[in-house]
Amino acid sequence: MQCAPLVASTMATTTNDIDDLTEECDECDRQTLHTISVKILTESRQAENAQYSREPYRISECQVCGDIEQTRMNNA
């Protein structure tokens, strides 16, 4: 059985600081340091359904311009 070849990705590279990654910033139009976190966000605005509508989001904050991107991690 043959394994599929690994594909190198240039989306994010690590730096000396474990909390920061270098990523492309749309606002700065270049590679900049970003702080990455994962947060559980509530999507429903109705209180009775809020407990069932929480989803994980990847939060990326540019350390140069402060731009924040939120990406839903579960696309169910």
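What follows draws every value from the coordinates through simple rules; no lab data is involved. Predicted model, so just to flag it, every value in this text is computed and none were measured. Ideal geometry is used to build each Cβ from the backbone, glycine not excepted, and the neighbour counts take in all protein chains shown.
Each Lys and Arg Cβ is given +1 and each Asp and Glu Cβ -1; about its Cα centre, segment 13-72 then shows a dipole of about 360 debye.
Think of segment 13-72 as a dipole: +1 on every Lys or Arg Cβ, -1 on every Asp or Glu Cβ, centred on the Cα centre; then among Thr71, Ala50, Ser37, Ala50 lies furthest on the positive end.
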